[in-house]
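A short reminder: the numbers here are calculations on the coordinates, not readings from a lab. What you see is a predicted model; the values in this text were computed from it and never measured. In this analysis, Cβ positions are derived from the backbone assuming ideal geometry, glycine residues included, and neighbour counts consider all displayed protein chains.
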C-alpha cells in the first residue's frame, strides 16, 4: 500500500511539473501578453466595420492551459488529507469525502483524471457553487462534449423561399467556446420585442433571436433593435443578444439598413419603443395577409447558435434564473441516468402561466406557492392541456426544490403523452422543425415530436428548471379564420408530411402526432 501511495504521488507530481513547464514556456515564447482583438467585418465578410470581437488563438491557448492547470491543481487538492473541520458542505457534491485510496485505485487501473467513473469526476469537479462554472467543470465539459466551435460572422443565405440575414446584429460577447454555455434560441415579429429584456435578465447567457421582417416591417425591426441595445438601462442586450432577420423572397424590403452604419448612431431614447402599443393591422405582414413562418424562425435561430446545447423556446417564455450553470454542472457530473442511458436524449422544461397581476417566480419554491394560491397554472391549461402535459407533472409540482439540478424523471412521448409538444434543451443534432408549418396552422411542433418518439429519445425532465409565460393567463378563444387555417395545415401534415416522415424515419408502436 505504501508503494502504491508513493507511485500515486509520483504520478501526480509529474503531471503538475509538466503543466507548470508548459505554462511557463507559453509565456516566455511571446513578447507581449495575449489580448482581445477587435476585427472589423462587413456583411459580406470583408474587414471593414468594428462591431464584432473575437479572441486571438493565443488567448484561447492561455485559457485552455489555465483550465488544464486548474484541473490538475483541483486534483492535487482533492487528494490531500482533509480534516472534517476544513471541509465545506455548502452546495458541494460528495467529492469532498473521496479518499486518496479511492482515487489511487482509479489511477492504478489505468484511468486518467477525465475518467467517467463517478468518484473521479466528483473529486475533480468539487462543485462549491451550483450557480457558477469552475475551470475544472469547464475542462470536464470540453472533454465530455467534444463539440466544435463555430464562426461568428454575418452571412446572407437562402433557406427555401426565405432570405436569412444571419448574425445581422451581433452580440458583443464575440466568439464563444461551444461547451462553455447554452444559447436560448427564439423568434418574433418586432411587435413582441418587449420580451427581450426580461428574458435576458433571467437567462444571463447568449440569446439567438430570429425576427421575421418582411417588406416595410424592416424599419421598425431595425429601430427596435437599436432601442433595445441603447435604451434598456444596462448592457445585457448588447452583451448577449444576436439578432437575425429573415423574409420571403417575395417580400424583400426595398432598403436593408447596414448595421455598420446604423449602429454608430445612438437611438433617441426619449422616443417610445417601436414595439410598444403596436397596432397589428398596420404592419406589413398583416396588410399583405402573410402567415407567420414560425418553424423557419425556430430553425434560423437554432442553426445560428454557437453552443453545443441550445434551448429552443418562445420569446414570451421566461426561464428560471441560473438555469445555465446549474444545467452544465449537472452535465459535467454525468451521474445516473445520464451516464447509463444509451438513447439520444433531450431535457424538457416544465412550463407555467401566471396571473397578469403577479411577478414571474424566480425559484421552484416561489412557483409552488403560486400554484397553491392559483396565481400560477400549468401552461395552456385552458387552451391545449395535452400539448404540455408532461410525464410525472403532478409529482414534479409537489417535489421540493433541491440544491442542485438533476434529472427528475425519464419519460417518453407515448401513451397519455402522445401529443406532448415539449420545449427542451437539446443539441444541433436534434430534428429540425418543419419549415412548411405556420403558427396560424397550429400544432407546428408535433411533427418534430413524432420524430423524437420514433428515434426513441429519452425525455430527461429537469427537477428545478421551469419556464414562465409572460404574465397573463390564456383562455381558448374561438377564431373561425384560424380554425380554417388549422384544418388545412392538419390535412397537409396528414397527407404530405407524415408519409414523408414515415419513409425517412420509419414507424414505432406508440408514436403518433
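Pulled fully out, how much extra length does the chain show between residue 500 and residue 172, if you take 0.36 nm times their separation in residues and subtract their Cα-Cα distance?
Full extension of this stretch gives 113.9 nm more.
Could you grab the relative contact order for segment 152-315? Cα pairs under 8 Å, six or more apart, rounded to a whole percent.
That works out to 38 percent.
Where the centroid of each part is defined by its Cα atoms, how far is segment 317-344 from segment 449-500 in Å?
Result: 24 Å between the Cα centres.
Just want the ordering: 247, 505, 347, from fewest to most Cβ atoms lying within 10 Å of their own Cβ.
Least to most surrounded, the residues fall as 505, 347, 247.
Determine the relative contact order of segment 405-502: mean sequence separation of Cα pairs under 8 Å and six or more apart, normalised by residue count, in whole percent.
Rounded, it is 40 percent for segment 405-502.
Using a/c under 1.5 as the rounded threshold, could you call segment 316-513 rounded, prolate or oblate? The axes a ≥ b ≥ c are square roots of the C-alpha gyration tensor eigenvalues, and prolate needs a/b larger than b/c, oblate otherwise.
Oblate, since a/c reaches 1.5 and b/c is not below a/b.
By count of other Cβ within 10 Å, fewest leading, how are 402, 468 ordered?
Least crowded to most crowded, the residues run 402, 468.
Based only on other Cβ atoms within 10 Å, what is the fewest-to-most ordering of 430, 355?
355, 430
Could you work out how much longer the chain between residue 260 and residue 339 gets when fully extended? Use 0.36 nm per residue separation minus the Cα distance between them, nm to one decimal.
Going from the current span to full extension adds 23.8 nm.
Could you tell me the relative contact order of segment 316-513? Use alpha-carbon pairs under 8 Å, at least six residues apart, and round to a whole percent.
35 percent
Decide, for segment 411-513, between rounded, prolate and oblate: order the square roots of the alpha carbon gyration tensor eigenvalues as a ≥ b ≥ c, take rounded if a/c falls under 1.5, and otherwise choose prolate if a/b is larger than b/c, else oblate.
Oblate is the answer for segment 411-513, as a/c is 1.5 or above yet b/c matches or exceeds a/b.
Tell me whether segment 474-513 comes out rounded, prolate or oblate; compute the Cα gyration tensor, take square roots of the eigenvalues as a ≥ b ≥ c, and use a/c under 1.5 as the rounded threshold.
In terms of gyration-tensor shape, oblate.
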